[in-house]
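Beneath this line is the structure, given in structure tokens, with notes to follow.
Here, each number is a calculation from the coordinates, and none is a lab measurement. No experiment lies behind these values; they were computed from the predicted model shown. Here the Cβ positions follow ideal geometry from the backbone for every residue, glycine too, while neighbour counts run over all protein chains shown.
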Amino acid sequence: MGIRIAAAQAPSVADDIAANLQTHRRFIRAARAEGVQLLVFPELSLCGYELPLLRACAMSPHDARLDALRAAADGMTVIVGAPVIDAGAAQPCIASITLAADGSTRVYRKQYLHGGEEVHAQPGAIGTQAHALRGQRYVEAICADTTHAEHAQAAADAGASLYVAGVLISVGGYDKDAALLRGYAQAHDMGVLLANHAVDSGGYAVAGKSAFWAPGGQLIVQAHGPGDCLVIAEESQGWQGRVIPVAA
């Protein structure tokens, strides 16, 4: 039994969750048409990487606005980026919300913050859980998590065969971060999926270049740069990949 996964290299409009939900539905429909079973969106995809707005944009994982995404997914597992604030917490977490194929909902909270994020967000608790899907086991990461080798090591120790990361990576930071991810694929023999933003966000010039490295470190597929697309990787007697433009 093979698996088909994809990075949704999608644009986000600052502080416009309604518009971003429409964009997410567009990408989900495109992914479903391609037979994708796991779709990963970039960091804070539902509000943009807008740190001063995290509290105002914070969502519950059971927000009724997510119902339209679940309906569009129709059996696909979809991971979206949003701030989540827990009861009694001083600050929101930078999080991802998983709308699982079985109808369940999970939240992953970014464990390692980038410098400056601590002013507007708090880190999630350290801990790793691998999730089973079609013969694979995946662990989530959000951006700066991937710059800490112990996070990838914990994923490997949890039995992950896939490490999937929603990020915002700038043009200047891409080569360094991509080298780390390639290294994790090689050192831990796990596939690594990178989902970056399609357009600039939070004042950063984004690199795009969403990508997938196979277990062992071979680059299978990579977007050429910014712009709306799906980066699809499929395991069926070896890994293969392709980039599919997603029309507005």
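Brief remarks follow.
- In this Cβ point-charge picture (+1 for Lys and Arg, -1 for Asp and Glu), the chain has a dipole of about 480 debye about its Cα centre.
- DSSP beta bridge pairing in the chain, given as percent antiparallel to the nearest 5: 70
- In terms of surrounding Cβ atoms within a 10 Å radius of their Cβ, K110, K209, K176 rank from fewest to most as K176, K209, K110.
- Exposure proxy ranking, count of Cβ atoms within 10 Å, fewest first, for D177, D200, D15: D15, D200, D177
- The residue among I79, A247, H114 whose Cα reaches farthest toward the positive pole of the charge dipole of the chain, with charges on the beta-carbon of Lys, Arg, Asp and Glu, is A247.
- Among (1) 114, 47, 33; (2) 47, 44, 37; (3) 46, 36, 34, the entry that matches Cα extents along the principal axes in Å as calculated here: (3)
- Neighbourhood net charge (10 Å Cβ-Cβ; Lys/Arg +1, Asp/Glu -1) for P215: -2
- For the chain, calculated [θ]222 nm from helices alone, where every DSSP H run of n ≥ 4 adds -39500 (n - 2.57): -6000 deg cm²/dmol
- Order of V171, V80 under a 10 Å beta carbon neighbour criterion, fewest first: V171, V80
- Each other residue within a Cβ distance under 12 Å of L69 adds +1 if Lys or Arg and -1 if Asp or Glu, for a net charge of +3.
- Within-12-Å neighbourhood charge of L44 [Cβ basis; K, R +1; D, E -1]: -3
- Unpaired by the 4.7 Å Cβ criterion, cysteines found in the chain: C93, C143, C229
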